[in-house]
Amino acid sequence: MSTVVKECIRFSLVSIMAMISSTCFAVDDNQTAPFEQLEFGDTLDFEPDDWVRLQTDCDQPYNCAQPCSGSVPNRHPLEQLSLFGAIDGSKQPQDYGVNADLGVRLRGQYSAPLAERYGIGYQIGSALTWSDNAVQVFELLGEDTTRFQNFTTVGLFQRVGKWGWGGVFDYLYQDGFDDSSLGQFRGRLTYDITRNTQIGFTGRLRAFDDEAEFSGNSVTLRSINQGSLFLRHFFETGVQTTCWFGLAEEHGESNAAFGAAPAHDDAVVFGADFVAPLNDSLALFGETNLMTPADTGTVDAFLGVAWYPFTNAKTAHRARFSPMLPVAAPTSFSVDLLP
């Protein structure tokens, strides 16, 4: 085979690789010249990891200008299944100004494609929280000293190019000083400003409230509407960190010991979460959400370990069909109390 033919074949292969790479993953302009600037005989340097990225990055929306349906081979239908166990601490207006809770949380979550060609997926999950009162006042008032909560979340999402959106409905059944059922909607809009950095907005809107009884008096329990802007960063190690800042509507400041009080006007809300893979199957996951003022607002947090049965702990939360919003928890479902 002549040298000219060999050079033509080599140049054709390099050209194909350049076009694929420009579509399916970000190439640093300082490292690789644009395809139009290539000349006969030029070469492109590809590291071994680039071939892995070439096969997997089309499952990551922030690297694809268009839906990359079918670009990821052998996707397991259950790869987005995860189980989670954590220590959970909570103080909210529903604690009537005299209580806090400490307990354990167990959660199962799953998501999958619904219309894969268009980047549309669905998610479903449920969590159980058992907690004990961390303050003795409820016991002295003759109320229950434990609380059970069951959170259920279902919803849809879509990721196309650098944009993503999702909406879920959260249902909460809880049994503490009384049993009650509450509902809220959550929505999220995201934009990938770089391959590893994302910004967005998350909103929560009350769906329905419930009446309960405390020490013989009727009270109303309801979720607290709020919205926040967030910044998220993905590290090359697989670690993900997020922080947010926003506003929440008024919430009750009544106290079981001192009686009714006017509601607090709009409050500042802020928080953070992180995911840190420990190996291919396990990852640390923690989240906190804080609403001012601290004495009557919310102080919620949990920290635990997530298990990914299909050994994708390092990549699951970056996949195109990973859940847009986590299963509801006290950190994402703040409960108000009005006498």
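The set of residues from segment 118-130 being outside any loop (DSSP other than H, G, I, E, B) and surrounded by 22 or more Cβ atoms within 10 Å (Cβ to Cβ) comprises Gly121, Gln123, Gly125, Ala127, Thr129.
The listed residues are Ala276, Ala263, Ala272, and the only one of them that is surrounded by fewer than 21 Cβ atoms within 10 Å (Cβ to Cβ), in contact with a His (Cβ under 8 Å, 6 or more places away or on another chain) and among the aliphatic types (A, V, I, L, M) turns out to be Ala263.
Here the strands (runs of 3 or more DSSP E) wholly within segment 233-304 that include at least 3 residues being in the same structural domain as Thr197 (by TED's automatic domain parsing) and farther than 27 Å from Ala134 by Cα are 240-248, 267-277. Which condition breaks for Thr288 when tested against (1) modelled with pLDDT of 95 or more; (2) out of contact with any Gly (no Cβ under 7 Å at 6 or more places or on another chain)? With respect to (1) modelled with pLDDT of 95 or more; (2) out of contact with any Gly (no Cβ under 7 Å at 6 or more places or on another chain), Thr288 is out only on (2). One residue stands out among those in segment 131-152 that are among the hydroxyl-bearing types (Ser, Thr, Tyr) and outside any loop (DSSP other than H, G, I, E, B): the one that is surrounded by the most Cβ atoms within 10 Å (Cβ to Cβ), which is Ser131.
Within segment 194-202, is there a residue that is in contact (Cβ under 8 Å) with a residue 40 or more places away in the chain and in contact with a Gly (Cβ under 8 Å, 6 or more places away or on another chain)? Yes - at least one qualifying residue is present in segment 194-202. Just to be sure, is Glu213 assigned by TED's automatic domain parsing to the domain that holds Gly155 and modelled with pLDDT under 95? Considered against the rule, which asks whether it is assigned by TED's automatic domain parsing to the domain that holds Gly155 and modelled with pLDDT under 95, Glu213 comes out as no. Just one of the listed residues (Ala301, Ala319) is closer than 13 Å to Asp273 by Cβ and in contact (Cβ under 8 Å) with a residue 24 or more places away in the chain, namely Ala301. Annotation note: of Ser228, Ser181, the sole residue that is in contact with a Gly (Cβ under 6 Å, 6 or more places away or on another chain) and either assigned to a strand (DSSP E or B) or within 25 Å of Trp307 (Cα to Cα) (or both) is Ser228. In the set (1) in contact with a Cys (Cβ under 9 Å, 6 or more places away or on another chain); (2) assigned to a strand (DSSP E or B), Arg320 fails one condition alone, (2). Search segment 206-223 for residues being over 18 Å from Asn255 (Cα atoms) and among the hydrophobic types (A, V, I, L, M, F, W, C), and hand back the single one that is farthest from the chain's Cα centre (by Cα). By that ranking, first place goes to Phe208.
Would you confirm whether any residue within segment 121-133 is of a type in the set (A, V, I, L, M, F, W, C), out of contact with any Leu (no Cβ under 6 Å at 6 or more places or on another chain) and modelled with pLDDT under 95? Scanning segment 121-133, I find no residue that is of a type in the set (A, V, I, L, M, F, W, C), out of contact with any Leu (no Cβ under 6 Å at 6 or more places or on another chain) and modelled with pLDDT under 95, so the answer is no.
Scanning segment 153-173 for residues that are closer than 30 Å to Leu140 by Cβ and either free of Cβ contacts under 8 Å to residues at least 60 places away in the same chain or not in a strand (DSSP E or B) (or both) returns a single hit, Tyr173. For segment 236-256, residues that are touching a residue at least 60 places away in the same chain (Cβ under 8 Å) and either of a type in the set (Asp, Glu) or out of contact with any His (no Cβ under 8 Å at 6 or more places or on another chain) (or both) total 6. Residues in segment 215-247 that are of a type in the set (Gly, Ala, Ser), closer than 17 Å to Tyr96 by Cβ and surrounded by 13 or more Cβ atoms within 10 Å (Cβ to Cβ): 1 in all. The one condition from (1) closer than 27 Å to Ala115 by Cα; (2) crowded, with 17+ Cβ neighbours inside 10 Å; (3) of a type outside the set (Asp, Glu) that Thr296 does not meet is (1). If I filter segment 323-332 for residues that are over 24 Å from Tyr122 (Cα atoms), in contact with a Leu (Cβ under 8 Å, 6 or more places away or on another chain) and buried (at least 16 other Cβ atoms within 10 Å of the Cβ), do I get at least one hit? There is no residue in segment 323-332 that is over 24 Å from Tyr122 (Cα atoms), in contact with a Leu (Cβ under 8 Å, 6 or more places away or on another chain) and buried (at least 16 other Cβ atoms within 10 Å of the Cβ).
The values are calculated or read from the model by the stated rules, or taken from the named source; none is laboratory data. On a predicted model such as this, the values are computed, not experimentally measured, just so you know. Note that we place each Cβ from the backbone using ideal geometry, even for glycine, and neighbour counts take in every protein chain shown.
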